[in-house]
Structure formats: C-alpha cells, structure tokens
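The values are calculated or read from the model by the stated rules, or taken from the named source; none is laboratory data. Just so we're clear, the structure is a prediction, and the values are computed from it rather than from any experiment. Cβ coordinates were reconstructed from backbone atoms using ideal geometry, including for glycine residues, and neighbour counts include every protein chain displayed.
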Amino acid sequence: MNLILLGPPGAGKGTQAKRLIDKYGIPQISTGDILRAALKERTELGIKAKEYMDKGALVPDEVVIGIIRDRLTQSDCQKGYMLDGFPRTVVQAEALDDVLNKMGSKIDHVISIEVASDELMKRLTGRRTCRKCGSGYHVVFDPPKKAGGCDKCDGELYQRDDDNETTVGSRLQVYENQTKPLIDYYTKKNLIRPIQGTGSIDDIFGRITAVLG
Ligand code: ADP
Ligand code: ADP
Ligand code: ZN
C-alpha cells in the first residue's frame, strides 16, 4: 500500500504515521525528519535546508524531489510506503508522478487530514519531540508520563526551532498558498480521502484505518 499523508503543519501526520507503521508494516518517509537528520549530522544539505526551515519557508523543490527519488528506491519500500510531508507543492506532486511512473508504482490513497488553523497553532507551539527515538508529544493534549522525558525510551524531549508562534504563522501561510492546491490535484485523480482531524488520536486513527481497510 502506497500512501500520502497530506495536511497542514500540526494536523497529526507524524502522530498517525507512527501508528500506521505498526499496523501496516510500511515505512514512514518524512522529508522533514530526513532534513533534520541531515542537519544533526552537519551535512551540506542539512545546513542549507535549515535556512529555509527557520524562516518557515519550503526547501527548494529540486532538493526534496532528489531526496524522495533516492529514498523510494531503497528495499524497504518494496512492500509499500507512507509519504509524510511530501509532496508540498504541485511541482513536487508532478515530479512524484514521474518518478513513480518510471518505477511502475503508484499512489493508492491520499489521506487528507483536516484541522482548523487556530487549533494548529496550539498544537504546534505545544509540540515536543524525543531526541532519541523521534516520538511526538504535546504538553497539554498528549503529555508524557514524566515531564520532559520520552515514555518509550526515556530520551530527552525538545521543542523544534520552527515551532514558535512567528515561524508557525509563516508555515501556515505557506501551506495555504503552496500545499493546499494539492487537495484539488489529488481530487481530480480520485485519490483524496478526507479525514476529520479533530478528536482523540485514537478516533482519528480509527477513521484512517476505516478508509484503508
Ligand atoms: P510539520 O510536521 O510541522 O508539517 P515538517 O517536519 O514536515 O513539518 O517540515 C518542516 C520543514 O521542513 C518545513 O517547514 C520545510 O521548511 C521543510 N520541508 C519538509 N518537507 C518539505 C517538502 N516536501 N518541501 C519543501 N520543504 C519541506
Ligand atoms: P504534523 O506531523 O502533521 O505536523 P504532529 O503529528 O507532529 O503533526 O502533531 C502536532 C502536535 O499535535 C503534536 O504535539 C501532537 O502530539 C499533537 N496532536 C496530534 N494529534 C492530535 C489530536 N488528535 N489532538 C490533539 N493534539 C494532537
Ligand atoms: Zn523516545
């Protein structure tokens, strides 16, 4: 099964992806995670990407398209994959179609998670992430058992540099202008599966699995 998780920043894509990995055994491919990992290793890619990420802007299309092209050819994608945070522009979506065509692969469903923007601001400014295993939390909506520590691996929780109010504002604007048109793009291809993204994390997971079967 080949999926795209589409939705504004803070919609719960990463949260749901972690659960979908367990249920369907397919890898999550998050361009955001890949870029942050590159930065942690101080690679040229990571250092360059941070300039854009800190402003809440998108990293250039050709950079993320290159990342995805490489990642999709790795052997763990044979049984399926979940794209989280890619594509984010129509140019990226067209490039993805091209890559998949050449591989003889195709997307089965685009899970489109819908959440209103005032809720997104609350979710993103309260988001915390585990440095060690990448698990996501929220200080109010999904707190860890022990403040500042990960339930799963006891790693340290941190707040992403781009999860401050100013940068979140820019990211939500970028979503409206550049990413939202993808809903239309995939509706025309009959691939959009709209999911109401408010309610408990379990409820939303139930809505997604009801669509995927
Ligand atoms: P969120 O989970 O909040 O939506 P991500 O981790 O997906 O955020 O992305 C963080 C940042 O990484 C984005 O604001 C952007 O700068 C960059 N980025 C991630 N994916 C893409 C992409 N497909 N195209 C361009 N930039 C991207
Ligand atoms: P995305 O990957 O789409 O940017 P995340 O999965 O990282 O979004 O979720 C953003 C924040 O919202 C996290 O702090 C997460 O714990 C929290 N969150 C996720 N799902 C819900 C939900 N259904 N209700 C409230 N908060 C949620
Ligand atoms: Zn952890």
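You will find that of Gln74, Gln28, Gln78, the residue that is in contact with an Asp or Glu (Cβ under 6 Å, 6 or more places away or on another chain) and at negative phi is Gln28 and no other. The residues listed here are Gly136, Gly148, Gly126; of these, the one that is free of Cβ contacts under 8 Å to residues at least 60 places away in the same chain, of a type in the set (Gly, Ala, Ser), touching a strand residue (DSSP E or B) at 6+ places or on another chain (Cβ under 8 Å) and closer than 21 Å to Ser30 by Cα is Gly126.
One residue alone among Leu35, Leu39 is more than 15 Å from the chain's Cα centre (by Cα) and closer than 29 Å to Glu119 by Cβ, and that residue is Leu39. Go through the range 37-47 and give me each residue that's of a type in the set (Val, Ile, Thr) and part of a loop (DSSP other than H, G, I, E, B). Hit for the range 37-47 is Thr43, nothing else. In the range 121-140, the qualifying residues are those that are surrounded by 15 or more Cβ atoms within 10 Å (Cβ to Cβ) and of a type in the set (A, V, I, L, M, F, W, C), and the one that is farthest from Glu165 (Cα to Cα) is Cys130.
The listed residues are Leu3, Leu83, Leu100, Leu72, and the only one of them that is modelled with pLDDT of 95 or more, in contact with a His (Cβ under 6 Å, 6 or more places away or on another chain) and away from ligand 3 (no atom under 16 Å from the Cβ) turns out to be Leu3.
Could you please let me know if Ala116 is more than 15 Å from ligand 2 (Cβ to nearest atom) and small (Gly, Ala, Ser)? Against the criterion (more than 15 Å from ligand 2 (Cβ to nearest atom) and small (Gly, Ala, Ser)), Ala116 does not qualify. Of all residues in the range 13-34, at least one satisfies being over 20 Å from Phe205 (Cα atoms), of a type in the set (Asp, Glu) and within 13 Å of ligand 2 (Cβ to nearest atom). When residues in the range 68-90 are screened for being out of contact with any strand residue (DSSP E or B) (no Cβ under 9 Å at 6 or more places or on another chain), β-branched (Val, Ile, Thr) and surrounded by 15 or more Cβ atoms within 10 Å (Cβ to Cβ), 2 of them pass.
Restricting attention to the range 1-36, which residues are part of a helix (DSSP H, G or I) and of a type in the set (Ser, Thr, Tyr)? Answer for the range 1-36, where residues must be part of a helix (DSSP H, G or I) and of a type in the set (Ser, Thr, Tyr): Thr15, Tyr24, Thr31.
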